[in-house]
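Taking it in order: structure first as structure tokens, then the write-up.
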Amino acid sequence: MTESVPVPIVFVVDDDPSVRRAIQRLIGSVGLQVELFGSAQELLGAKLSNVPSCLVLDVRLPGISGLDFQRQLAEANIKIPIIFITAHGDIPMTVRAMKAGAVEFLTKPFRDQDLIDSVHLALERDKARRQQEADVRTLRERFESLTPREREILPLVVSGLLNKQIATVIKASEATVKVHRSQLTRKMGAQSLAELVGMAAKIGISIQTS
């Protein structure tokens, strides 16, 4: 049985109902799912699906502004890609939004294709981020499956030490080190030392320099 692919969602936050509906029709026309909100507070109060997504966000909103909402999401470690739309944009506002990680800053009236292109780019970014985070979780689970001795040896292996040198550091025989090294490489799923080094870096294992 094949695993179903999650359907991406585009969240739209704009206080103008006609704008929300127009964006819904546009994004829906390319086969994407859309959820509409009239304010940042409405979105925060909703139960959002944990699928690849992006946020089309008006800059001027009742209550918290779009730019302040962007900061609030970042502080809460909510990493949804944001596309800003506004009828009242200026250069400092655009710079602030883009420096804070916005995918695009579109001034109304914008071309339909510009919004669609921005949405596709934002969704690809979110998919890539989610895949990267899933890969790191898998590597952490593999690391947790290592014995204490294997965890001790791993930083020494990825630092480029030979079995003989590792044996001296951990006060064990070279044959013992060879066995542990083989086991930890297999458990981590690495096909080469270079791949093991990359895996270790992803989960924050520092290379020994002394």
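The values are calculated or read from the model by the stated rules, or taken from the named source; none is laboratory data. Everything quoted here is computed from the prediction, not taken from an experiment. Positions of Cβ are generated from backbone atoms using ideal geometry, with glycine treated the same way; all protein chains shown enter the neighbour counts. Note: accessible area is taken over every heavy atom of the protein model, side chains too, but ligands, DNA and RNA are not part of it. Shrake-Rupley method; radii C 1.70, N 1.55, O 1.52, S 1.80 Å.
State whether the stretch 19-92 is rounded, prolate or oblate according to the following rule on the C-alpha gyration tensor (a ≥ b ≥ c being the square roots of its eigenvalues): a/c under 1.5 gives rounded; otherwise a/b larger than b/c gives prolate, and the remaining case gives oblate. Since a/c reaches 1.5 but b/c is at least a/b, the shape of the stretch 19-92 is classed as oblate. In the stretch 110-165, taking the dipole from charged Cβ atoms about the Cα centre, the farthest positive-side position among 139, 156, 128 is held by 156.
The label-point distance for residue 207 and residue 151, in a model that sets each label 7 Å from Cα toward Cβ, rounds to 2.3 nm.
Calculate for the chain the 222 nm mean residue ellipticity that helices alone would give, adding -39,500 (n - 2.57) per DSSP H run of length 4 or more and normalising by residue count, nearest 500 deg cm²/dmol. Calculated mean residue ellipticity at 222 nm is -17000 deg cm²/dmol.
The label point for residue 193 and the one for residue 68, both projected 7 Å from the Cα toward the Cβ, are 5.6 nm apart.
Under 8 Å for C-alpha pairs, at least 6 residues apart: give me the relative contact order for the stretch 33-136, rounded to a whole percent.
On the way: 107 pairs, mean separation 27.6, N = 104.
Once normalised by length, the contact order is 27 percent.
Excluding ligands, DNA and RNA, what is the solvent-accessible area per residue of the chain at a probe of 1.4 Å, expressed in Å²?
57
Applying 0.36 nm per residue to the separation of residue 110 and residue 124 and subtracting their alpha-carbon distance, the gain on full extension is 2.9 nm. For the chain, modelled as a GNM whose springs connect Cα atoms under 10 angstrom apart, the maximal fluctuation among 91, 23, 82 occurs at 91. As a length-normalised measure over Cα pairs under 8 Å and 6 or more apart, the relative contact order of the chain settles at 15 percent.
The alpha carbon centroids of the stretch 126-157 and the stretch 6-40 are separated by 37 Å. Annotation: extensible slack from residue 165 through residue 95 equals 20.0 nm (criterion: 0.36 nm per residue apart, minus Cα-Cα distance). Using the Cα gyration tensor of the stretch 80-132, with a ≥ b ≥ c the square roots of its eigenvalues, what is the shape: rounded (a/c below 1.5), prolate (a/b larger than b/c) or oblate (neither)? Oblate. Each label point was placed 7 Å from the Cα along the Cα-to-Cβ direction; for residue 141 and residue 76 their separation is 2.8 nm. Summing Cβ point charges (Lys, Arg +1; Asp, Glu -1) relative to the Cα centre of the chain gives a dipole of roughly 980 debye.
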